[in-house]
Amino acid sequence: MVNLADGVDPNLLWNEIASIAQGTIAILTAAAVAYSFITFKRSLKASHYAELDKMYFEILRTAIEKPHLRAPGGMHTAEQAAEYDIYAYVVWNFIETVYDYCLKDEELRKTWYPAMEAENRLHRAWFNDTANDHKFKAEFHKFVEEDGFLRR
């Protein structure tokens, strides 16, 4: 313990205490900011997963209502072919959305690349039709052509 009677300047002592306190506050603030960033990132990842899950559920529910949409070679009417064209476009838009979300998220890739691969197997002929080329960005075309979803 410091004895002020020993000639210690109380202002100097107070300045040292204040300096230590400021350093401690700065460290705690930095830790709080880092923690906030980490929890924000986790929350964002969870919301991305939930959003993708909901989108895929809707796609599959549509196919339950119209099973011919999951059998591209089995169109029997012009109406079914038109429905399939729209459905395949929705599926490939979903796959491109997954691709976009997964560019920087390895965990999402582990979860969603298998679904992308499954949909690719069903609807690749639609994607390869040159009439649909303009519907997707060049980077995504390259990703699909190189079977990028197989690299988990």
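Values for this structure:
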item	result
Exposure ranking of Tyr101, Tyr84 by accessible area [1.4 Å probe, largest first]	Tyr101, Tyr84
1.4 Å probe accessible area per residue over region 79-118, in Å²	46
Distance (nanometres) between label positions extended 7 Å along Cα→Cβ at Gln22 and Asp53	4.8
Ranked order, Glu58, Glu119, Glu65 - accessible area, probe 1.4 Å, largest first	Glu65, Glu58, Glu119
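The values are calculated or read from the model by the stated rules, or taken from the named source; none is laboratory data. Predicted, not measured: the structure shown is a model, and the values here were computed from it. Positions of Cβ are generated from backbone atoms using ideal geometry, with glycine treated the same way; all protein chains shown enter the neighbour counts. Accessible surface is based on the protein model in full, side chains and every heavy atom, while ligands, DNA and RNA are left aside. Shrake-Rupley method; radii C 1.70, N 1.55, O 1.52, S 1.80 Å.
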